[in-house]
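*Asks:* Quick one: the structure is below, questions incoming.
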Amino acid sequence: YCRMNSPFPMLLGHRDYVQLRFAGRIPGGGMVILLKSTTHQARPPTDSAVRAETQLGCYLLQPTRTGTRVFMGSQGNQKQSVHPPQWVMTRILQSGPPKWLAGLEAKAGSLSESQR
(Lines give C-alpha, C1' and ligand atoms only; values in the text may rest on other atoms or scores of the structure.)
Protein backbone atom coordinates (compact mmCIF):
# COMPACT_ATOMS: atom_id res chain seq x y z
CA TYR A 1 0.00 0.00 0.00
CA CYS A 2 1.24 3.47 -0.86
CA ARG A 3 -0.42 6.84 -0.29
CA MET A 4 0.75 10.01 -1.99
CA ASN A 5 -0.54 13.23 -0.48
CA SER A 6 -0.94 16.06 -2.94
CA PRO A 7 0.64 19.42 -2.09
CA PHE A 8 -2.40 20.97 -3.84
CA PRO A 9 -5.37 18.81 -2.80
CA MET A 10 -7.92 21.30 -4.16
CA LEU A 11 -6.40 20.94 -7.66
CA LEU A 12 -5.23 17.34 -7.51
CA GLY A 13 -6.59 15.02 -4.84
CA HIS A 14 -4.56 12.61 -2.76
CA ARG A 15 -3.89 9.22 -4.39
CA ASP A 16 -3.38 5.78 -2.99
CA TYR A 17 -2.25 2.51 -4.54
CA VAL A 18 -2.50 -1.16 -3.62
CA GLN A 19 0.28 -2.92 -5.51
CA LEU A 20 1.98 -6.23 -5.90
CA ARG A 21 5.72 -5.64 -5.86
CA PHE A 22 8.33 -8.07 -7.09
CA ALA A 23 12.03 -7.46 -6.45
CA GLY A 24 15.06 -9.26 -7.79
CA ARG A 25 18.80 -8.96 -8.20
CA ILE A 26 20.31 -8.33 -11.62
CA PRO A 27 23.88 -8.85 -12.88
CA GLY A 28 26.36 -6.25 -11.69
CA GLY A 29 24.86 -5.92 -8.21
CA GLY A 30 21.74 -4.03 -9.25
CA MET A 31 18.12 -4.56 -8.41
CA VAL A 32 14.85 -4.41 -10.31
CA ILE A 33 11.45 -3.77 -8.71
CA LEU A 34 8.28 -4.39 -10.71
CA LEU A 35 4.85 -3.15 -9.62
CA LYS A 36 1.27 -3.84 -10.64
CA SER A 37 -2.00 -2.79 -9.04
CA THR A 38 -4.17 -5.27 -7.21
CA THR A 39 -6.93 -5.25 -4.62
CA HIS A 40 -6.75 -6.41 -1.02
CA GLN A 41 -9.43 -6.70 1.63
CA ALA A 42 -7.14 -5.09 4.23
CA ARG A 43 -6.94 -1.89 2.12
CA PRO A 44 -10.36 -1.04 0.69
CA PRO A 45 -10.81 2.30 -1.12
CA THR A 46 -11.47 5.29 1.15
CA ASP A 47 -13.09 8.69 0.71
CA SER A 48 -9.84 10.46 1.66
CA ALA A 49 -7.91 9.44 -1.49
CA VAL A 50 -8.56 8.45 -5.09
CA ARG A 51 -7.53 4.83 -5.77
CA ALA A 52 -5.10 5.13 -8.68
CA GLU A 53 -4.02 2.20 -10.83
CA THR A 54 -0.54 1.08 -11.83
CA GLN A 55 -0.72 -1.04 -14.95
CA LEU A 56 3.04 -1.55 -14.89
CA GLY A 57 5.74 0.13 -12.84
CA CYS A 58 9.48 -0.46 -12.80
CA TYR A 59 12.44 0.73 -10.75
CA LEU A 60 15.93 -0.22 -11.87
CA LEU A 61 18.74 0.45 -9.40
CA GLN A 62 22.33 0.11 -10.57
CA PRO A 63 25.40 0.74 -8.41
CA THR A 64 27.95 3.20 -9.76
CA ARG A 65 31.34 4.34 -8.43
CA THR A 66 29.71 7.39 -6.84
CA GLY A 67 26.36 6.02 -5.67
CA THR A 68 23.33 4.46 -7.32
CA ARG A 69 21.72 5.20 -10.67
CA VAL A 70 17.92 4.94 -10.55
CA PHE A 71 15.55 4.54 -13.48
CA MET A 72 11.85 4.87 -12.77
CA GLY A 73 9.03 4.15 -15.20
CA SER A 74 5.31 3.80 -14.73
CA GLN A 75 2.18 3.47 -16.76
CA GLY A 76 -1.14 3.78 -15.06
CA ASN A 77 -4.38 5.62 -14.57
CA GLN A 78 -4.37 8.41 -11.99
CA LYS A 79 -8.19 8.57 -12.19
CA GLN A 80 -8.10 12.32 -12.79
CA SER A 81 -10.98 13.74 -14.82
CA VAL A 82 -9.70 17.35 -14.78
CA HIS A 83 -6.07 17.85 -15.64
CA PRO A 84 -4.23 20.28 -13.34
CA PRO A 85 -1.95 23.01 -14.73
CA GLN A 86 1.56 21.94 -15.79
CA TRP A 87 3.18 23.90 -12.92
CA VAL A 88 1.23 21.75 -10.42
CA MET A 89 2.41 18.53 -12.05
CA THR A 90 6.00 19.83 -12.20
CA ARG A 91 5.92 20.62 -8.49
CA ILE A 92 4.57 17.18 -7.63
CA LEU A 93 7.15 15.42 -9.80
CA GLN A 94 9.95 17.50 -8.26
CA SER A 95 8.98 16.50 -4.72
CA GLY A 96 7.49 12.99 -5.02
CA PRO A 97 10.36 10.92 -6.45
CA PRO A 98 13.04 12.43 -4.16
CA LYS A 99 10.89 11.58 -1.11
CA TRP A 100 10.40 8.04 -2.39
CA LEU A 101 14.13 7.65 -3.01
CA ALA A 102 14.97 8.94 0.48
CA GLY A 103 12.64 6.33 1.96
CA LEU A 104 14.18 3.62 -0.21
CA GLU A 105 17.67 4.67 0.87
CA ALA A 106 16.67 4.59 4.54
CA LYS A 107 15.14 1.13 4.15
CA ALA A 108 18.21 -0.16 2.30
CA GLY A 109 20.43 1.21 5.08
CA SER A 110 18.40 -0.51 7.78
CA LEU A 111 18.52 -3.79 5.84
CA SER A 112 22.30 -3.47 5.47
CA GLU A 113 22.65 -2.86 9.21
CA SER A 114 20.54 -5.92 10.07
CA GLN A 115 22.67 -8.13 7.82
CA ARG A 116 25.95 -7.26 9.52
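The values are calculated or read from the model by the stated rules, or taken from the named source; none is laboratory data. Remember, predicted model here, so these are calculated numbers, not experimental data. Remember, those area values only see protein heavy atoms, side chains included, never the ligands or the DNA or RNA. Shrake-Rupley method; radii C 1.70, N 1.55, O 1.52, S 1.80 Å.
*Asks:* Using just the helices of the chain, give the 222 nm mean residue ellipticity in deg cm²/dmol: DSSP H runs with n ≥ 4 each add -39,500 (n - 2.57), and the total is spread over all residues, rounded to 500. Each step should come with its number before you reach the end.
*Replies:* Working: 1 runs with 29 residues, N = 116.
Calculated at 222 nm, the ellipticity per residue is -9000 deg cm²/dmol.
*Asks:* Most fluctuating residue of SER37, SER74, SER95 in a GNM of the chain with Cα springs under 10 Å: which is it?
*Replies:* SER95
*Asks:* Continuing with this model, one more query. Could you identify which residue out of ARG51, ARG91, ARG65 has the top mean-square fluctuation in a GNM of the chain using Cα springs shorter than 10 Å?
*Replies:* Maximum fluctuation in the GNM of the chain, among the listed residues, is at ARG65.
*Asks:* Express the carbon and sulfur contribution to the solvent-accessible surface of the chain as a percent, rounded to the nearest whole number, probe 1.4 angstrom.
*Replies:* On the way: 4920 of 8600 Å².
Here carbon and sulfur together make up 57 percent of the probe-accessible area.
*Asks:* Could you work out how far helix 86-114 tilts from the main Cα principal axis of the chain, as a 0 to 90 degree angle to the nearest 10?
*Replies:* Compared with the principal axis, the helix lies near 40 degrees.
*Asks:* Give the long-range amide H neighbours of SER6: residues separated by 5 or more places, or on another chain, with amide H under 5 Å away, using H modelled in the peptide plane at 1.01 Å from N.
*Replies:* HN-HN under 5 Å from SER6: HIS14, ARG15.
*Asks:* How big, on average over all directions, is the shadow cast by the Cα convex hull of the chain, in nm²?
*Replies:* Mean orientational projected area (the chain, Cα hull): 9.0 nm².
*Asks:* To continue, here is another question. If a/c stays under 1.5 just call it rounded; otherwise compare a/b with b/c (prolate if a/b is bigger, oblate if not). Do that for region 1-66, with a ≥ b ≥ c from the square roots of the Cα gyration tensor eigenvalues.
*Replies:* Taking the square roots of the gyration eigenvalues as a ≥ b ≥ c, region 1-66 is oblate.
*Asks:* Roughly what % antiparallel, to the nearest 5, for the DSSP beta bridges in region 1-92? Walk me through the intermediate numbers first.
*Replies:* Numbers: 27 of 29 bridges.
Beta bridges within region 1-92, antiparallel portion: roughly 95 percent.
*Asks:* Check which residues have an amide H placed less than 5 Å from GLY76's amide H, if you skip close sequence neighbours.
*Replies:* Hits under the 5 Å cutoff: GLN55.
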